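Below is one structure, written out as C-alpha cells, with a few remarks after it.
Nothing in this text is a laboratory measurement; each read-out follows from the coordinates by a stated rule. In this text, all values refer to a predicted model and were calculated from it rather than measured experimentally. As a convention, Cβ positions derive from the backbone with ideal geometry for all residues, glycine included, and neighbour counts pool all protein chains shown.
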Amino acid sequence: MLSLDKQNAWREAYRATHPGWRPATELYADLVRQQLTPAAQVLDIGCGRGGLVEQLEHPLAQVVGIDPDWLSLREHRLNLTSAVAFSDDLPFAPNSFDVAFASWVLEHLARPFLTFQSVARVLKPGGVFVFITPNGRHPLALLNKTLGQLGALQGRLVAGLYGRSADDTFATHYRANSHAALEQLAAASSLHLTHLHAIPDPTYLAFNRPLFRLMTLVEDALPVNRKIHLVGVAVKSD
C-alpha cells in the first residue's frame, strides 16, 4: 500500500534530485495565499472534510464551503459555513466572493462550462479563481479514465493501493484538464487564465524504489504540457 506519508517521502527524494521543484500542492497553496487580503471573502469549491482551508489561517467567518456530499460537510474538521451544492449552480448572489479555489474538482465535472460560468458569476470584478487538477493528457490520467469504467471496482482498487476510502473515489471526465480546454472555458466565462503551471510528480506508482526510479524517468521525459498536475489562476474581467 502506498500511504500519503510514503508518497510524500518519495516527493522529498524527487525534490533532492530536482532543485527548484515543488509539489503542485505547495504551489497551489501559495497561489491562493497570494490572493488573500484581510477582508477577502473566500469560496472553497468541493471543500469536503477540510484540506487547503485548514492551512490558510484566513478568518473562517469570511470563508464558505460547498460540496455535493452532505456527509463530508457534516464531518468537516473546521466550524466552516457550508452548503450542499454543485459547482455548476452555486447558491450565492452575483459578485459575492473575492477568491474561489477548487482542489481536485475539475476532473470530475461532466459539464465544466457551467461551473466556470457559475464561478465567474459569484466572483466580484477582478476576483480570482485558483485550481489544482490532474492533467488529462498525462498517461496516468488516461489510465484512471479507463479504470473509471469499472465503477465500484475502481473504488475498491484505489482503497487497496492507497489506503483511501472507496467512498471518496468519484467518476472522472477530464473535460477541463488541458491547457486548450482551460483557455476556452475561461474565455467563454468572462475569466482570463493568467497562470497555468504543469508540475511533474513521479510518486503515484512509487510502491518501491525501482518503480519510483522508473516513474521519475517517465515524468522527466514527458513534454511540459503533459506533466501530471495543472495549477492555474483565472481572473474575472473588471
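Here are the numbers for the structure shown:
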read-out: Dipole of the chain [Lys/Arg +1, Asp/Glu -1 at C-beta], most positive-end residue of 190, 114, 207; value: 207
read-out: Extension gain, residue 18 back to residue 78 (0.36 nm per residue minus Cα-Cα distance, nm); value: 18.1 nm
read-out: Longest exposed-site-free window of the chain, the sites being GluC sites (Glu not before Pro) in a DSSP loop that have at most 11 other C-beta atoms within 10 Å; value: 76-238
read-out: Extension gain from residue 146 to residue 9, taking 0.36 nm per residue of separation minus the Cα-Cα distance; value: 46.5 nm
read-out: Label point at residue 211 placed 7 Å out along Cα→Cβ; residues across the range 1-30 whose backbone nitrogen lies under 18 Å; value: 1-14
read-out: Nearest 10 degrees, 0 to 90: helix 209-221 Cα axis against the chain principal axis; value: 60 degrees
read-out: Most positive-pole-ward Cα, 37, 71, 171, against dipole of the chain from beta carbon charges; value: 171
read-out: Per-residue HN-Hα couplings for the range 101-111 [Karplus 6.51, -1.76, 1.60; θ = phi - 60°; Hz; x = Gly/Pro]; value: 9, 9, 9, 6, 10, 4, 5, 8, 7, 6, 10
read-out: The range 6-14 - phi-based ³J(HN,Hα) in whole Hz, Karplus 6.51/-1.76/1.60, Gly and Pro as x; value: 5, 4, 5, 5, 5, 4, 5, 5, 5
read-out: Among 172, 17, 203, residue whose mean-square fluctuation peaks in a GNM of the chain (springs only between Cα atoms under 10 Å); value: 17
read-out: Cross-link partners of residue 236 among lysines (Cα-Cα below 29 Å; sequence separation of 8 or more within a chain); value: 124, 227
read-out: Contour excess over end-to-end distance, with Cα ends at residue 61 and residue 39 and 0.36 nm allotted per residue; value: 6.9 nm
read-out: Share, in percent, of DSSP beta bridges within the chain that are antiparallel, nearest 5; value: 45 percent
read-out: Ellipticity estimate at 222 nm from DSSP helix runs (n ≥ 4, -39,500 (n - 2.57)) divided over the chain, nearest 500; value: -10500 deg cm²/dmol
read-out: Pairwise FRET efficiency - residue 110 versus residue 26, Cβ, R0 = 22 Å, nearest 0.05; value: 0.15
